[in-house]
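Read through the structure below, which is laid out as structure tokens, and then see the notes.
Each reported figure results from applying straightforward, stated rules to the coordinates on display, with no laboratory input. All figures in this text were calculated on a predicted structure; none of them were measured in a lab. Cβ placement follows ideal geometry from the backbone for every residue including glycine, while neighbour counts extend to all protein chains displayed.
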Amino acid sequence: MSHGEGLSPNGDVNRRGGEVLPDGMSSSLMAAAHELKSPLVLIRQLAFAAGDDGHSDDERARLLNQLTLVADRGLRLTTDLTRTAHLEDSLFATEPINAQQVCERIVKELAPLYEQYGRVIKLEAPRRSGSIVLAHRELLASVIYHFADNALHYGDDTGPVRVFLRPRPSVGRLQIHVRDHGPRLSLSDWRAARAASKGLPTRPHASGLGLMIAEQFSHAMGGSIGLTRHRDGATFYVELPLSEQLSLL
């Protein structure tokens, strides 16, 4: 065994500057590499295409806009990965947040990227009042973003991706749902993806990294994530405590 290698409890070799990597961390790093490879390859392709003299000004503007959108996606992923590494060291205080407004922001932010792929994402009006939750604004936005990003890249185009709120006042909770249309997800794959220990066989381009981030961020806010399986797709949701106070914004 060369210098800088070590054996994990199950006999696998992991590396990190002479330290033994925990199995979960090794899997997460592999998932991160997998997830970041796609936007980096696409950015390279778009950059070459935008530099082609054969494109009209409108075509070049479209390519540059798509390049920016893809770069923003990669940047958000790396930012959220950095946050997961410091969740225990940082103070992410919760406060009363209007969940509907956070959803509106994410849907508006993702709409141009969806349009580039010929897809649609829409936010449905809540059926009942009560959308103020105890949460951290940026962590909550990231959870919704990763659910919607998963729906964009790993669903199909049979219907729009729907974002909607479901208050549960009887138990003092609120669920934020992202419904996609795509391959059915098994419970075993769902459990593995939440830990980013493997990708999703029924969604081959997915590493599960976004679900792992959503899981950690929801726990940091005192919430949880869940899955409702459908024959034609899945609904991912985050559940958070309702607040009896008014949102600060």
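Here is how the numbers come out for the structure above:
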{"quantity": "Mean Cβ neighbour count within 10 Å, used as a protection proxy, ranking 136-148, 215-227 highest first", "calculated": "136-148, 215-227"}
{"quantity": "Estimated dipole of the stretch 95-241 in Debye, rounded to 20 [Cβ of Lys and Arg +1, of Asp and Glu -1, Cα centre]", "calculated": "460 debye"}
{"quantity": "³J(HN,Hα), Karplus 6.51/-1.76/1.60, whole Hz, each residue of the stretch 157-168, x for Gly, Pro", "calculated": "9, 6, x, x, 7, 10, 10, 8, 9, 9, x, 10"}
{"quantity": "Gain in span if fully extended, ARG173 to ASP53, counting 0.36 nm per residue against the direct Cα distance", "calculated": "37.7 nm"}
{"quantity": "Alpha-carbon radius of gyration plus Dmax, which is the widest Cα pair, for the stretch 74-167 in Å", "calculated": "14.4, 43"}
{"quantity": "Value in Å of the Kirkwood radius, where the stretch 59-110 supplies the Cα pairs that are averaged", "calculated": "13.7 Å"}
